[in-house]
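Remarks on the structure that follows.
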Amino acid sequence: MTQSLNALFSPETTPHFADLQTFRLLFDHLFFYALPDRSTPLSVKTEQQEMWTGYTPVSLSEEEQDRFLSMAHELKGHEAEFHRGLLASLAAGHGDRDEASAGSLASALRSGKNTAQTRKAPDEALWQAMLILKLAEMFRAEEREIAQGFMAISDKEAQLFAAIRGEETEAGGGDEEEEQTLRELTAATAMSGPTINLTRLAKAWGHLYTRDAKAGEIPLLITNHEELQGLLADTYETLTGKLPRQLVSLTLPTQEQSEEDASRMERFKAETRAFKEHFNQLLLGIAANGTISAARMTELQGAGNELNRAALPFLKNSPSEKTIRFYAYEGASLIDLFAELCGESRIPAETTTGLLAVLS
């Protein structure tokens, strides 16, 4: 019987559907963490959200959850200030503990610096971790909105250039390429706000992960952040004295939001299903053991080569391509790695191998 390979998105909460499109070509089911939200219950899903499953991994006390929901609601009107680095001003002139926490956390999120803090109760530390993740969600939503605005402007500019050139636009073959370059250049300059410190974000996400009762049932983490691999590699070296192993890399087509492209991706999944299932079963075997034999490594790389060859015809007409690199933390579970990263004491689980897939 074929066992499903499930994956958990990290280190963010409630990802945009575009963040998971390429991963959906390979894995059986995708999960992500969703924070408590009064306005968008998890039971209400759009058609795009049916592609994956979100859940809240931990529960706060009723009092702490009310505090979190109240603060999240309060912050929703200040996304622009946060994007410009001014959210910390919320704490100025107020003695309210929640507002002071919001300003302090927003400042720490931008700088990545640790502030002197007294020891907190478990619920308080978890609440603050969830608030960091909520602030990161708001930042990403603001970032996407700005990027969409710049793309709309670049489209208008391209139309104006075409109108100015007049008949030359229809005759010249290089104009379309020039307009596309303009769009890409404009989009590349769209992200001008402060960046989120990944270490801070990963630690906040790790506080939820180490408390998630379902985490042990999901053998693979997936991420769009290449820096997460470096962060976990340093943690793994500290914990074991070894470096992680890069297993294999896969090159997969990307898709745009069109019926034609969606149909092409369905054909890709149908024609590569046997190769994907073989590859995924080998990954599950590696995850279940504390060591990786040379024979198993060779077999996995061979399965990866088969999948790459099967993907070649679909890469020809793809607007772009994505590479997924797989890393193995031999003899250490991912939960143990995040516990070490977050400075939490934990009795190591039975010997397994943590797996991370990085999309670039």
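The values are calculated or read from the model by the stated rules, or taken from the named source; none is laboratory data. Bear in mind that the values here come from a model prediction, so they are computed numbers and not experimental data. For neighbour counting, all protein chains shown are included, and Cβ atoms are generated from backbone atoms with ideal geometry for every residue, glycine included. What goes into the accessible areas is simple: the full protein's heavy atoms, side chains included, and nothing from ligands, DNA or RNA. Shrake-Rupley method; radii C 1.70, N 1.55, O 1.52, S 1.80 Å.
Overview of values
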quantity: Residues (among the polar types (S, T, N, Q) and modelled with pLDDT of 90 or more) located in the stretch 241-286; calculated: Q246, S249, T251, N280, Q281
quantity: Where a residue in the stretch 1-16 is closer than 19 Å to L232 by Cβ and modelled with pLDDT of 90 or more and its partner, wherever it lies, is open to solvent by 60 Å² or more (accessible area, probe 1.4 Å) and β-branched (V, I, T), with Cβ under 8 Å and at least six apart; calculated: none
quantity: Options R296, R211, R267: the member that is open to solvent by 50 Å² or more (accessible area, probe 1.4 Å) and assigned to a loop (DSSP other than H, G, I, E, B); calculated: R211
quantity: Qualifying residue in the stretch 323-345 (condition: more than 30 Å from A213 (Cα to Cα) and charged (D, E, K, R)); calculated: no
quantity: L312 being aliphatic (A, V, I, L, M), over 17 Å from R264 (Cβ atoms) and not in a loop (DSSP other than H, G, I, E, B); calculated: no
quantity: Members of the stretch 214-229 found to be surrounded by 13 or more Cβ atoms within 10 Å (Cβ to Cβ) and either free of Cβ contacts under 8 Å to residues at least 60 places away in the same chain or outside any helix (DSSP H, G or I) (or both), listed by number; calculated: I218, P219, L220, L221, I222, T223, N224, H225, E227
quantity: Residue within the stretch 231-251 that is β-branched (V, I, T), open to solvent by 70 Å² or more (accessible area, probe 1.4 Å) and either out of contact with any strand residue (DSSP E or B) (no Cβ under 9 Å at 6 or more places or on another chain) or in a helix (DSSP H, G or I) (or both) present; calculated: yes
quantity: Some residue of the stretch 320-335 being among the acidic types (D, E) and open to solvent by less than 40 Å² (accessible area, probe 1.4 Å); calculated: yes
quantity: Scope the stretch 22-55; condition modelled with pLDDT under 85 and among the polar types (S, T, N, Q); matching residues; calculated: S39, T40, S43, T46, Q48, Q49
quantity: Hey, F326 under 20 Å from P253 (Cβ atoms), aromatic (F, W, Y), within 22 Å of the chain's Cα centre (by Cα) and at pLDDT 90 or above or not; calculated: yes
